[in-house]
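Here's the structure, in structure tokens; my notes come after.
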Amino acid sequence: MTAASAQAWSSGPNCGSRRSNCSQTPLLPLGRRSRTVTSRSFQAGRSGGPPGRRRRAERPPGLRAPRPRASPRGGGAGRGGAGRARGPGGGAGSRPPRPSVSPRSQSAPAEAGSAPPAARGAPRAAPGAQRHGAGQDLQLVGARRALPHVAGRPRLRRHVVCAVNALAHHVLNKDLSDIVGDFRGFYRQLTSDGQLRWIGPEKGVVHLATAAILNAVWDLWAKQERKPLWKLLVDMDPRTLLSCIDFRYITDVLTEEEAYEILQKGQVGKKEREGQMLMHGYPAYTTSCAWLGYSDDTLKQLCTEALKAGWTRFKVKVGADLQDDVRRCRLIRNMIGPEKTLMMDANQRWDVPEAVKWMSKLAEFKPLWIEEPTSPDDILGHATISKALAPLGIGVATGEQCHNRVIFKQLLQAKALQFLQIDSCRLGSVNENLSVLLMAKKFEIPVCPHAGGVGLCELVQHLIIFDFISISASLQNRMCEYVDHLHEHFRYPVIIKKASYMPPKDAGYSTEMKEESVKKHQYPDGEVWKKLLAAQEN
């Protein structure tokens, strides 16, 4: 069985590696039945050239929203950094088109073989048992699908794809059972590549590539077991689950035995919590109402729609202009009322003293948290902000830009955050996120995942549902971000009912994109790109 599900690698220039060819562009499902990853299945596809001089054309209309108007403060950081509000795709600097925040009405798809088999207790099928993909084509997942951060960002994607192909020799010709049979060893192998650690280690483009490969492996493993990923994790024996985690660098905070005790305690009431999730879902909050750049009329309209749809938790972007923030926060708080939950997100705009001063002015609106108030790498700065805002009843939330489990370990040790925000693709896939979920449980810090368009919601729902069922066993001050944006490009989009994530029922990690969407947005030959480039020529 194809171990890394690696067939959707996007375009990129040749990186010069003898082990990889970054100019290969297989975006369409290969539908192979092979149980072994081969170089042909990993790299087969069409070659796509670099975008050349046309940098303005690098964001197709369907994958990136228009930018907001310039902030009153001006300046701001460059792409991917502080200084602008985040758009629904998860990156800095974009303002989405007017989204609808009403819950999706479709019911969960019911495909043959998608429901978890009742008698399966182990994560791997017994020898000789029918496995997912035997006798049928597999819709496999690769860099574009397993790593939503790169979708709609061709220059970033080329670098990530180059790193993926540089790691390819670790996965090609490997059997899935061999990988998951020693998942910790495989994770260590990917993250300990002697050459690539020089441009890491466990951070940046290389770690994004690691996440892409590992997300694909998890997707395939769940499909083999005919379970959604959350169910695969929930049904795992604690020892098997822990064998997927690399505890290196965190044993001063969490040992494997301590993690085992946490999982053992989580066995109590697990079936009841699973039933609760299936019936009611996991609580979500909306970010779609209050992006920077929205007019007051738009804010009012979107808040009204959200309230009618049953939303009770709202997040507003802040940090561009203090007086503008005061006016917008007052407007939103007056609309949603004092009983609804309000959060604020600064997207790394402030220095530490500025963050404390700014949030002191916004404290009257009773925000539950301020998200990313300063540089995501400034652990002690977050601790200072956290201590200063505690008397005001404002917590600090961060994590979506954390490189790895070590940063989370130190944030927890320094008491620098009150709400921990994992990201399904920033860390080293499910493996590393599991270690962070367990550390958060030990410190009793609620996990409220980061999510957004381009598939982040689809992935992270699995992790947080598992966390409630098997680890945290609590919903107090816990919620998962939801942005109603770009879900139409995915085969198994998230299902929101009554402002809650309903557990996916289809096997896998919910990452598959529709073939039509992939074709249309493939650079530079897709329909969307052709029209965009032709318009620029004229």
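The values are calculated or read from the model by the stated rules, or taken from the named source; none is laboratory data. No experiment lies behind these values; they were computed from the predicted model shown. A quick note on method: Cβ atoms are made from the backbone with ideal geometry, for glycine too, and the neighbour counts reach across all protein chains shown. The protein model used for the area step is the full one, side chains on, heavy atoms only, and it has no ligands, DNA or RNA in it. Shrake-Rupley method; radii C 1.70, N 1.55, O 1.52, S 1.80 Å.
Suppose every K and R has +1 on its Cβ and every D and E has -1 on its Cβ; what is the size of the dipole of the stretch 320-409 about the Cα centre, in Debye to the nearest 20? Each step should come with its number before you reach the end.
Numbers: 12 positive and 13 negative charges, 67 e Å.
Here the stretch 320-409 has a charge dipole of around 320 debye.
Need the full-extension length gain, N173 to H280, defined as separation in residues times 0.36 nm minus the C-alpha distance. One decimal, nm. Intermediate results must be reported in sequence, preceding the final value.
Values: separation 107, 0.36 × 107 = 38.52 nm, distance 4.24 nm.
So the chain would gain 34.3 nm between N173 and H280.
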For peptides 518-528, 161-171, sequence by mean Cβ density within 10 Å, most packed first: 161-171, 518-528
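Taking the Cα centre of the stretch 209-273 as origin, sum charge times position over the Cβ atoms of Lys and Arg (+1) and Asp and Glu (-1), and report the length of that vector in debye to the nearest 20.
Values: 10 positive and 11 negative charges, 93 e Å.
Taking the Cα centre of the stretch 209-273 as origin, the dipole is about 440 debye.
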Loop-located GluC sites (Glu not before Pro) in the stretch 427-485 whose Cβ has at most 15 other Cβ within 10 Å (DSSP): E444
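Where in the stretch 244-347 are there GluC sites (Glu not before Pro) that are in a DSSP coil and have at most 10 other Cβ atoms within 10 angstrom of their Cβ?
On the way: sites: E256, E257, E258, E261, E272, E274, E305, E339; in loops: E339.
Those that pass, being in a loop and sparsely packed, are E339.
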Lys pairs, the stretch 222-355 - Cα-Cα below 25 angstrom, 8 or more residues apart or on other chains: 17
Extension gain from R155 to K300, taking 0.36 nm per residue of separation minus the Cα-Cα distance: 48.6 nm
Extension gain (nm, one decimal) between D351 and E444, 0.36 nm per residue minus Cα-Cα: 30.7 nm
Top positive-direction residue, dipole computed over the stretch 397-538 with Cβ charges, set M513, A414, W529: A414
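How much accessible area per residue does the stretch 338-491 have, in Å², with a 1.4 Å probe? List each step's numbers first, then the result.
Values: 4210 Å² over 154 residues.
Each residue of the stretch 338-491 exposes 27 Å² on average to a 1.4 Å probe.
Relative contact order, percent, of the stretch 331-486 when contacts are C-alpha pairs under 8 Å separated by at least 6 residues? Could you put the intermediate results ahead of the total?
Working: 264 pairs, mean separation 25.5, N = 156.
The normalised contact order for the stretch 331-486 reaches 16 percent.
Looking at the stretch 428-481, which trypsin sites (Lys or Arg not before Pro) are in a loop (DSSP not H, G, I, E or B) and have at most 10 other Cβ atoms within 10 Å?
Working: sites: K441, K442, R478; in loops: R478.
Answer in residue order: no site qualifies.
What number comes out for the charge environment of L362, summing +1 per Lys or Arg and -1 per Asp or Glu over other residues with Cβ under 14 Å away?
Combined, the nearby Lys, Arg, Asp and Glu give +3.
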Cα-projected label distance for D321 with N538, points at 7 Å along beta-carbon direction, nm: 3.6 nm
Where labels lie 7 Å past Cα in the beta-carbon direction, separation of K203 and V268 in nm: 4.0 nm
Alpha carbon centroid spacing (whole Å) that separates the stretch 342-374 from the stretch 449-519: 27 Å
Dipole magnitude of the stretch 390-450, debye to nearest 20 (Cβ charges: Lys/Arg +1, Asp/Glu -1, about Cα centre): 180 debye
